Amino acid sequence: MQVIGRTPHPSALSARRRARELDALADAGEIDVLVIGGGITGVGVALDAASRGLRTVLVEKHDLAHGTSRFSSKLVHGGLRYLASGQIGIAHESAAERHILLTRTAPHLTRALAQVVPLYAPGAAGRGALVGAGYGLGDGLRRFVGTPGAVLRTPGPIGPGETLRLVPAVRADALRGGVRGWDGQLIDDARLVTAVARTAAGYGASVLTRVEALSADGAGAVLRDRVSGATVTVQARAVVSAAGVWAGALDPDVRLRPSRGTHLVVSTELLGGSDASLTVPVPGSSSRFVFTLPAVHGRTYIGLTDVPADGPLPDVAEATDSEIDTLLDVVNTVLARPLQRSDVLATFAGLRPLLAGASDGDDTSDLSRRHTIIESASGLLSVVGGKLTTYRRMAEDAVDAVIRRDPGLPSRPSPTRTLPLVGAWPRARLGELVAPPRLLRRYGAEAPFLAALPDGPGGACGVTAHELHWGVAVEGALTVDDLLDRRTRLGLVATDRDASTDAAAAAFERAGIVPLEL
């Protein structure tokens, strides 16, 4: 069996590898690129730089995907919303990057997701024509960037019976049918971050979590190991900040207008077990929707809001009561059995690092999702704006900026457009691999190796001992929270966390690693 996502060096992250590479950093001399931030943008920059042969170190204050990157809608957007608002370039970039993720770099972590807009009388025909036209434009982009119909099907109208089959929780009275479109969905956004980080490590990058940048400029940074408290000064030919909404703490020249996107977590059973996305127009708007997103562990997410995140920025954002009520009110306009606050198992919220508009009074939903590279007076490069779908392009642009500024660095083009992530395997060929279906869906070509690990106590929602062990031994989890919150997502719902804590601790014991207690 050939593993498509094979890397030239070992890709496993672990506590032992972290300690070894952190010790070596003090005597490393000048490195080529230091990346600050372990979200999707930061790990993307690390992979791009390392795959071009640059000596690369990434540091993250907390854990991989600790901030915004684990709190997305898990969609790989094709850019339809941006197309509707006239942002043609961003829409095209989104569709192109979606194509790369679905067909080349991460087919094992992505899938096609049906999006169903139910149509009710009166006004069903007009609403259907408007939604259908939008999906048609998005499908044109899909064709233009070369995504085949076998990967994302052509959108179109569907009858009442098919609508109820796909989204059975909607009310049947006055239902005239629906419109079905298609987009990409991530199995898990935190898993994508971890896969990119491990691939970067497989190309020679040092990926160091629990290491904080106390200060930084264009020539290096002072770092502190949050485990031991020791500090080290690192010299680098370039320093790239990928700190998201927290970028201003390192570079006051960065001006952002963060917005908060909130999701609710409910049982998929309450939505009839649907594996499609129920897409509900926001009353009074022709371009805003609330949608349901089938997720892991028998849960469905309902999102999302787009409101200004004013004031001090927390490490982890929280949903507000008004946002919860808004999401429930919108989705309940089409449900036969309205959802209650008591049905909400959990909530999560992410902070988007949007570029500030011309006026601080601009609505965050109207601010551009474009990204840019800002060079401060000190020479620090900050990657800001953008979104998860286009992380690879953001990273490529950042490393291009590094190379343009330093002619002494090798001027190699980025290979990441065709570089598969660890575990990459075509979803249509997963049946060729010998492993349980659950593991194949989440780990791709690495599933057989995962399944061969020693068995033991598993967590809630069917999470196996193999998954917990893999998170510690291969994916760099250093604490029980790392394992539950970001490697398996069991920490999202309090009852799942409580039922899985002992199994997570046992996984560290099987791996021969003592979990940190920070």
Having 2 or more residues that are more than 21 Å from the chain's Cα centre (by Cα) is the bar; report the strands (runs of 3 or more DSSP E) wholly within segment 249-348 that clear it. 277-281
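Residues checked against (1) part of a loop (DSSP other than H, G, I, E, B); (2) in contact with a helix residue (DSSP H, G or I) (Cβ under 8 Å, 6 or more places away or on another chain); (3) of a type in the set (Phe, Trp, Tyr); (4) crowded, with 17+ Cβ neighbours inside 10 Å:
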{"site": "438", "(1), (2), (3), (4)": "no, yes, no, no"}
{"site": "455", "(1), (2), (3), (4)": "yes, yes, no, no"}
{"site": "468", "(1), (2), (3), (4)": "no, yes, no, yes"}
{"site": "472", "(1), (2), (3), (4)": "no, yes, no, yes"}
{"site": "481", "(1), (2), (3), (4)": "no, yes, no, yes"}
Hey, does segment 220-238 have a residue that's in contact with a helix residue (DSSP H, G or I) (Cβ under 6 Å, 6 or more places away or on another chain) and closer than 19 Å to residue 41 by Cβ? yes
Residue 76 passes all but one of (1) closer than 22 Å to residue 293 by Cβ; (2) free of Cβ contacts under 8 Å to residues at least 60 places away in the same chain; (3) hydrophobic (A, V, I, L, M, F, W, C); which number fails? (2)
Can you find a residue that is assigned to a helix (DSSP H, G or I), within 16 Å of the chain's Cα centre (by Cα) and not charged (D, E, K, R) anywhere in segment 21-41? yes
Can you tell me which residue within segment 238-248, out of those that are outside any strand (DSSP E or B) and among the aliphatic types (A, V, I, L, M), is nearest to residue 302 (Cα to Cα)? 245
Condition first: among the hydroxyl-bearing types (Ser, Thr, Tyr) and touching a helix residue (DSSP H, G or I) at 6+ places or on another chain (Cβ under 6 Å). Now tell me which residues in segment 498-518 satisfy that. 500
Just to check your reading of the model, which residue among 106, 121 is out of contact with any Ser or Thr (no Cβ under 6 Å at 6 or more places or on another chain), touching a residue at least 24 places away in the same chain (Cβ under 8 Å) and surrounded by 16 or more Cβ atoms within 10 Å (Cβ to Cβ)? 106
Here is a check on your reading of the model: is residue 95 among the aliphatic types (A, V, I, L, M) and buried (at least 24 other Cβ atoms within 10 Å of the Cβ)? yes
For residues that are at pLDDT below 95 and hydrophobic (A, V, I, L, M, F, W, C), scanning just segment 77-100, find the one that is farthest from residue 211 (Cα to Cα). 84
What pairs can you find where one residue is in segment 24-53 and crowded, with 24+ Cβ neighbours inside 10 Å and of a type in the set (D, E, K, R), the other is part of a loop (DSSP other than H, G, I, E, B) and modelled with pLDDT under 95, and their Cβ atoms are less than 6 Å apart, with a gap of 6+ or different chains? 52/412
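The values are calculated or read from the model by the stated rules, or taken from the named source; none is laboratory data. The model shown is predicted, which means the values in this text are computed figures rather than measured ones. FYI the Cβ positions are ideal-geometry reconstructions off the backbone, even for glycines, and counts take in every protein chain you see.
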